[in-house]
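First the structure, in the form of structure tokens, and then the observations on it.
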Amino acid sequence: MNAVHNQPSIPHDIGAERAVIGAVFLNPNVYHRLDSITASSFYREPHRLLWQVFAHLIKSGSTIDMVTVSGELERRKKMDAIGGYSYLAGFSASCPGVVDAPHYADVMLRHERARELMTACHEALARLTNGDDPDEVAAEHQARVVEGAPPPDSCSWESETIDLVMERIRHGGSDDVLPCHLPDINAEFGGAFVGEVTVIIAPPRTGKSVFGAQWAEHLSVDRGIPGCEFTLEMTREQETSRRLSRWGSIDYGKIQAVQRRPKGSPSTLTAQEWERLIKAHEKLAEAPLRTDESLLSIEKIWSRTKAGVAREGWRWIFVDHFHLVRPSPGLTGENEIRGHIARGLKALAKDCGVAVLVSAHMNKENIRRTDKRPSMGDIRHGGELEGIAATILGVYRDELFNQDTSLRGVAEFSGVKARFGAGRSVRAKWEGRFQRFVPIIGGGSWDG
């Protein structure tokens, strides 16, 4: 008995529903002014049925009055379902007036929104009770809650937005562009943009993961901008070893070898290498840089990014890489799976307010071409990813395809797609032993 007594009442207002329907009977033009109201906005089934009849009459070119409505209800054999002629005739008499119809419509919409949220919460509770994954339930529940909500802060009047843009034009200071560690990339392509997706593609062994990781580390270590690298391919220990190699200028092979030596045996690092290693450790340990090595679905990446933004102020994420993001339940076919992930990355970037860097595998189309440089259409199952990306950077090293090249140790970055940049190619120096790309002239900040 107590369980029944404690059941929450369903939000609704019968008086508001009758007032809206009555206003339409008094003046059919009111129907067009209440374009936010649909049949599902009504709580009572007879009222939903009447609104469906109104919509049918308007669509067929008829007017709305007692004669046409009762005739349509008779044709559908639904007159008894709405309470008969007496109930129908009572709408006009009980209507407070046509002028107040928008107010009563707003009351109805608030109750409709409350019912939708209650339904979403009940469904989420049922799924959690059945043992569904909490992160996936949270991400899907969040989408249900956001859908249909009143305009958020991101939905602003043009007068507000234009004032902000004019202020930036006059004085600069936009923080929506996150610069790369290679100055030439910023000059040609503009950097990574908050709310957008930047894709890095390259043939195998070219260094696309290294490039993305360096960009992420530059943001955290050099600029103090928080974010997370979702390293789906490597473990955290492997990724940290690469970081120590490039920030300490210590051969990556040596970093790996000293970790594999018998415990307690002497290290082969020199005193100078130890000094650089300690400095690199201090820099990296103080940086607002997260590393997540879990194999995640796009829903889990979204959920964790949302939490990171709220708790730690993340401004970027790096997903390494696109083709290792786990499929979401219910999807079949690689194109459908990767399309869902691509759309999720774009929605994540806008909803969470972060710049998304993502590395992606190429298909084998470039092998069949004389020019092996990456181009549009080269991302494996990447049609939608190419569509949603603001920038696609192709990384190419001629030494991988031409043993006689004069460009050994040189990497070329091309704007396969550059919505905000010129798209011309730029070059950088590839230092494989240190797992890093540096400007052709000078070594930047990589030597500490």
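Rule-based calculations on the coordinates, nothing more; no lab input. Everything numeric here is computed off the predicted structure, so don't read it as measured data. Every residue, glycine as well, gets a Cβ built from its backbone with ideal geometry; the counts of neighbours run over all protein chains shown.
Loop-resident trypsin sites (Lys or Arg not before Pro) (DSSP state other than H, G, I, E or B) in the stretch 25-94 with no more than 16 further Cβ atoms inside 10 Å of their Cβ: Arg44, Arg76, Lys77, Lys78. The residues neighbouring Glu334, those whose beta-carbon lies less than 14 Å from its own, together hold a net charge of +1 under the Lys/Arg +1, Asp/Glu -1 convention. Protection proxy ranking for 405-413, 18-26, 175-183, 60-68, using the average of other Cβ atoms within 10 Å per residue and placing the highest first: 18-26, 175-183, 405-413, 60-68. The mean sequence distance of close C-alpha pairs (under 8 Å, at least 6 residues apart), as a share of the length of the stretch 2-108, puts its relative contact order at 44 percent. Taking Cβ atoms as reference points and 10 Å as the exclusive limit, the residues near Glu233 contribute a net charge of -3, counting Lys and Arg as +1 and Asp and Glu as -1. Inter-part distance, the stretch 35-72 to the stretch 195-246, computed on C-alpha centroids, equals 57 Å. Rounded to the nearest 20 debye, the dipole size of the chain about its Cα centre is 1200 debye, using +1 on the Cβ of Lys and Arg and -1 on the Cβ of Asp and Glu.
Any chance you could give the angle, 0 to 90 degrees and rounded to 10, that helix 134-146 forms with the longest Cα principal axis of the chain? Taking the Cα atoms of the chain, the angle to 134-146 is about 50 degrees. Working ranking of peptides 231-243, 389-401 by packing, defined as the average number of other Cβ atoms within 10 Å per residue, highest first, is 389-401, 231-243.
Cross-link list Lys254/Lys429; Lys263/Lys283; Lys279/Lys364; Lys283/Lys306; Lys208/Lys254; Lys263/Lys306: which exceed 32 angstrom alpha carbon to alpha carbon? From the list (Lys254/Lys429; Lys263/Lys283; Lys279/Lys364; Lys283/Lys306; Lys208/Lys254; Lys263/Lys306), the Cα-Cα distance tops 32 Å for Lys279/Lys364; Lys263/Lys306. Helix 158-171 axis versus longest C-alpha principal axis of the chain: approximately 20°, rounded to the nearest ten. Give the angle, between 0 and 90 degrees and rounded to the nearest 10, that separates the Cα long axis of helix 84-94 from the longest principal axis of the Cα atoms of the chain. With rounding to tens, the tilt is 80 degrees. Contact order for the chain, expressed relative to its length and based on alpha carbon pairs under 8 Å spaced 6+ residues apart, stands at 17 percent.
The protection proxy used here, the mean number of other Cβ atoms lying within 10 Å of each residue, ranks peptides 118-129, 98-109 as follows, highest first: 98-109, 118-129.
Counting Lys and Arg as +1 and Asp and Glu as -1 over every other residue whose Cβ lies under 13 Å from the Cβ of His381, the net charge comes to -3. Placing unit charges on the Cβ atoms of the charged side chains and taking the dipole of the chain about its Cα centre, the candidate lying farthest along the positive direction among Cys180, Gly191, Met234 is Met234.
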